[in-house]
Amino acid sequence: MRILLTNDDSYLATGIRKVFNALVNAGHDVIMIAPEHNSSGAGHSIAVYNPISITKVEEKIYFVSSTPADSVRLGLQEVYGSYYPDLVISGVNHGENLGEDIFYSGTVGAAREGALHGIRSLAFSMNILKDSQDRFKHLDTAAKVVVDLVHKIENKSNSLPSSFVWNINIPNKPYNELNGYVSARVGLRPQHEPLIKQETPRMTTIYWQGFSSRLNEYSEGTDLDLFVNYNKITITPLELLPTNHQELSLINAII
């Protein structure tokens, strides 16, 4: 398959390099077009007031001086032209994207951009091992999962929509310890912990993002529940156009 590979951790990140090599070794035609710098938390943002550029680093590897979504947009225009790829793959991200993370994630934003262009798009993420010196110990596992799921999509291509965006989270474990795939709906954590306030040596007040809230129990059947409690590879199909149709009549009633 012809695949545009991107991420939000930059073209130099270990995760995207592992996936690139695995897909190429599996026989796919892969072009990496990813941000120049780490863009975690960029969501689906694009550059509006700053010009952007695309640079060819080596054969089939480019970086873009902007966000993940812009990497996909500019890559499709300048590298692929009118002959779009079969898939856009974003990741594998260094850190899970579960629950409300999908709104902040540049990894998911890049995949959503692919879907907006009518391309089947996948966002892959793997959680951090917080109690290990090697926080991304099992990126080879993630690369195997990517290749396997691409193979499944290729085999079932005729039964799938021409465009979609799926959010996939892979447990950071040896491949043989994974408990298979499962489809899951998006979960929701409580609000993030407060931003962390600090004073700089120059007496400027700054803030760092607070950590995600943690629960002992998650709603059954959500990506949070199935990923955290059951070590499942969760696949969540995301709506491209998120209208709340149930509330249209409520709005009509008050206007």
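Scanning segment 97-117 for residues that are of a type in the set (D, E, K, R) and closer than 15 Å to SER39 by Cβ yields ASP101, ARG112, GLU113.
Just so you know, in segment 187-209 the residues that are in contact (Cβ under 8 Å) with a residue 60 or more places away in the chain and open to solvent by less than 40 Å² (accessible area, probe 1.4 Å) include one that is farthest from VAL108 (Cα to Cα), and it is ARG189. Taken over segment 222-255, the residue count meeting the criterion of being within 20 Å of PHE103 (Cα to Cα), in contact (Cβ under 8 Å) with a residue 24 or more places away in the chain and of a type outside the set (A, V, I, L, M, F, W, C) is 6.
Among residues of segment 210-255 being in contact with a strand residue (DSSP E or B) (Cβ under 8 Å, 6 or more places away or on another chain) and exposed (fewer than 15 other Cβ atoms within 10 Å of the Cβ), the one that is modelled with the lowest pLDDT is GLY210. Restricting to segment 26-47, name every residue that is touching a residue at least 60 places away in the same chain (Cβ under 8 Å) and over 16 Å from GLY95 (Cβ atoms). Of everything in segment 26-47, those that are touching a residue at least 60 places away in the same chain (Cβ under 8 Å) and over 16 Å from GLY95 (Cβ atoms) turn out to be ALA26, HIS28, HIS44, SER45.
Of the residues making up segment 75-93, those that are outside any loop (DSSP other than H, G, I, E, B), open to solvent by less than 30 Å² (accessible area, probe 1.4 Å) and of a type outside the set (Ser, Thr, Tyr) are GLY75, LEU76, LEU87, VAL88, ILE89, GLY91, VAL92, ASN93. Checking each residue in segment 4-28 for being under 12 Å from PHE124 (Cβ atoms) and either among the hydrophobic types (A, V, I, L, M, F, W, C) or assigned to a helix (DSSP H, G or I) (or both) picks out LEU5, GLY15, ILE16, LYS18, VAL19, ALA22, LEU23. Of the residues in segment 29-51, none is in contact with a strand residue (DSSP E or B) (Cβ under 8 Å, 6 or more places away or on another chain), assigned to a loop (DSSP other than H, G, I, E, B) and surrounded by fewer than 17 Cβ atoms within 10 Å (Cβ to Cβ). Listed by first and then second residue, the pairs with beta-carbon distance under 7 Å, at least 6 apart or on different chains, first residue in segment 64-93 and over 24 Å from GLY41 (Cβ atoms) and in contact (Cβ under 8 Å) with a residue 12 or more places away in the chain, second part of a loop (DSSP other than H, G, I, E, B) and open to solvent by less than 10 Å² (accessible area, probe 1.4 Å), are TYR84/ILE119; PRO85/ILE119; LEU87/ILE119.
Each row is one residue, and each column tells you yes or no for (1) modelled with pLDDT under 95; (2) more than 15 Å from the chain's Cα centre (by Cα); (3) aromatic (Phe, Trp, Tyr); (4) open to solvent by 80 Å² or more (accessible area, probe 1.4 Å).
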| position | (1), (2), (3), (4) |
| --- | --- |
| LYS137 | yes, yes, no, yes |
| GLU154 | no, yes, no, yes |
| PHE164 | no, no, yes, no |
| GLU177 | yes, yes, no, yes |
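The values are calculated or read from the model by the stated rules, or taken from the named source; none is laboratory data. Everything numeric in this text was worked out from a predicted model, so none of it was measured. Every residue, glycine as well, gets a Cβ built from its backbone with ideal geometry; the counts of neighbours run over all protein chains shown. Note: areas computed on protein heavy atoms with side chains; ligands, DNA, RNA excluded. Shrake-Rupley method; radii C 1.70, N 1.55, O 1.52, S 1.80 Å.
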